[in-house]
């Protein structure tokens, strides 16, 4: 009897969640179709399969999508590709910020810079901004020195990217040795350096140098960053 009662309760709860999910999906599809119809009306195109939402000639994106932009400032356009299911609005969320040197910044041809991407993870950027973590910069010569030391002790040749963390971990351990503080130090070994043997060879041959960008170079790149109203 109790088993039947529990089964009945579970069935009712499951059905309620299913109906709620269906209704949410139906409302989302209804809103999406309304948006498509509005885009179609503003751009002068028909809502037909296989036909792009192309702007009217001699009209700027602001003129074409002005009304939608007023409704949601994150709206920047619409993408539709013939023969595919891609037929969606294009949105931007300036709230997902990241620390960046600017996409126009050209770093020196160093080996310890990883992929030399101009920006940092938005999650790490937020944690740094909120004061949950600190950032440290280290020169590539010191990075490879730490990588070699780690390889000799652990038998693993770390990647240059991981070696940044190893360098800082070693430095923190040396500080603890001086102060007598007991501390657990954790770092991430995210890859091996077997594809970076040329860089390690240059380190051993004394051909590796440290290049630090000047304040003028950084400011010139910062000046080219796009300005987002209300989010600068």
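Of note:
- Of all residues in region 128-159, those that are surrounded by 12 or more Cβ atoms within 10 Å (Cβ to Cβ) and closer than 23 Å to residue 225 by Cβ total 2.
- Restricted to helices (runs of 4 or more DSSP H) entirely inside region 92-199, those with at least 3 residues that are touching a helix residue (DSSP H, G or I) at 6+ places or on another chain (Cβ under 8 Å) and modelled with pLDDT of 85 or more are 140-154, 160-179.
- Evaluated against (1) closer than 27 Å to residue 122 by Cβ; (2) modelled with pLDDT of 70 or more; (3) surrounded by 12 or more Cβ atoms within 10 Å (Cβ to Cβ), residue 86 falls short on exactly one condition, (3).
The values are calculated or read from the model by the stated rules, or taken from the named source; none is laboratory data. Worth saying up front: this structure is predicted, and the values here are computed from it rather than measured. Every residue, glycine among them, receives a Cβ derived from its backbone with ideal geometry; neighbour counts consider all protein chains shown.
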